[in-house]
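Note sheet for the following structure.
Values quoted throughout were computed directly from the atomic coordinates according to the rules given, and no laboratory measurement underlies them. Owing to the predicted nature of the structure, the values given are computational and were not obtained by experimental measurement. Positions of Cβ are generated from backbone atoms using ideal geometry, with glycine treated the same way; all protein chains shown enter the neighbour counts.
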Amino acid sequence: MERKGGGMPKNTSKSKPTGPRCGLCGKTGNLIRTECCGNWICDDEDKYVIFSYARNS
């Protein structure tokens, strides 16, 4: 029997990105390290609207 698709088998291994990842969402860009415990989190301070009491930052 002949294999469908033929050719070389697909590479199914996933390479891990180097560097830190956000501890909340997993993103790798625009991160800062927290002062209290040294964890990496997304830096979205520039998007915060003062006195909006938004909880998404």
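For the range 24-30, just list the computed ³J(HN,Hα) in residue order, Karplus coefficients 6.51, -1.76 and 1.60, θ = phi - 60°, integers in Hz, with x standing in for Gly and Pro.
Taking θ as phi minus 60°, the curve returns 9, 10, x, 5, 10, x, 6 Hz for the range 24-30.
Give me the one-decimal nm value for the distance between modelled label points at residue 21 and residue 39, 7 Å along each residue's Cα-to-Cβ direction.
Placing both labels 7 Å along Cα→Cβ, they lie 1.5 nm apart.
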